[in-house]
Each structure stands twice: as C-alpha cells, then as structure tokens.
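Novice: First, the structure itself, so that you have it in front of you.
Each reported figure results from applying straightforward, stated rules to the coordinates on display, with no laboratory input. Worth saying up front: this structure is predicted, and the values here are computed from it rather than measured. Here the Cβ positions follow ideal geometry from the backbone for every residue, glycine too, while neighbour counts run over all protein chains shown.
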C-alpha cells in the first residue's frame, strides 16, 4: 500500500476498483462513463476509510506532438571557449565533449534543466568553441 500525506492526514491507498466491479455500481449509475476508478484509502491515525473517485470532467481532441524530444536524447550544445563555469555545469550534468564534431553532448532533459535551449546546435556544427 502506498502512503500519502494529504490535507494534513496520513493515509494509505488500498483497493483501486474499475467501473462495474463490486463497490462501484452505485457510483457508475450516478456518473456513467465519466467514472474512471474508485479508490479506498485508509487513515490509520483517525481509523477512517475514505472512498475517492476519479472522473472525466472534459474531453477534447488532442494530437501528441511529433516534435517532442525525449529527455534522454543526446543533444549537441555550444559552449564557447572561456565559459569555464558553464563548461563545469555541463560536465557535472553528464555532458561529454565530442572532439570530432567540436560540440558538447548532453541529454535533452539536462539541456532544459540548465537553460541551454538557445545553445542547441540544430545542424552539424564545425565552428570554434
């Protein structure tokens, strides 16, 4: 059971029921297809069982971005010669120097975390670092 601290109470999550299973029929008749699940949580300090539900409140068309970059994708970034502190940050974040391409290689998630998106090299870069 997972332990949660919510609204100042300590609860554990017990059962998670799908619509139609015993214990959900009344809620299913009330909420219909909007009902996603019913959860039972237990507050051991107050000796209470808490029933929660998850509902669909809105639905609209959505298309996943084909341009989304995975966080672990290796990205080339530009760090100029003399930017010693930035070079240390890149190295500490797992960046490696690619001597042949003369660029730093770093996972995209770390590029975002360090705020280096404007330094991404989109095409092969052969300039001076």
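Novice: Given C-alpha coordinates of the range 74-119, what is the ratio Rg to Rh with the Kirkwood estimate of Rh?
Specialist: Values: Rg = 9.3 Å, Rh = 10.3 Å.
Checking Rg against Rh, the ratio lands at 0.91.
Novice: A further question follows. Return 84, 90 ranked ascending by Cβ neighbour count within 10 Å, so the fewest neighbours appear first.
Specialist: Lowest to highest Cβ neighbour count: 84, 90.
Novice: Then there is this: What order do you get for 94-101, 10-17 when each peptide is scored by the mean count of other beta carbon atoms within 10 Å, highest first?
Specialist: So the order, starting with the most tightly packed, is 10-17, 94-101.
Novice: Could you compute Rg(Cα) / (2.2 N^0.38 Å) for the chain, with N its residue count?
Specialist: On the way: Rg = 24.9 Å, N = 129, 2.2 N^0.38 = 13.9 Å.
Cα-based Rg divided by the globular estimate yields 1.79.
Novice: Once fully extended, how much extra length lies between residue 100 and residue 39, figured as 0.36 nm per residue of separation less the alpha-carbon to alpha-carbon distance?
Specialist: Details: separation 61, 0.36 × 61 = 21.96 nm, distance 5.52 nm.
Working it through step by step, the gained length comes to 16.4 nm.
Novice: Against the 2.2 N^0.38 Å scaling, with N counting residues, where does the range 3-55 land? I'd like the Cα-based Rg ratio to two decimal places.
Specialist: 1.21
Novice: Below 8 Å between Cα atoms, with a sequence gap of 6+, how large is the relative contact order for the chain in percent? Could the numbers behind the result be given before it?
Specialist: Values: 182 pairs, mean separation 22.5, N = 129.
17 percent.
Novice: A follow-up question, please. Divide by every residue of the chain the summed helix terms, -39500 (n - 2.57) for each DSSP H run of at least 4, and state the resulting mean residue ellipticity at 222 nm, rounded to the nearest 500 deg cm²/dmol.
Specialist: Working: 3 runs with 23 residues, N = 129.
Theoretical 222 nm ellipticity from helices: -4500 deg cm²/dmol.
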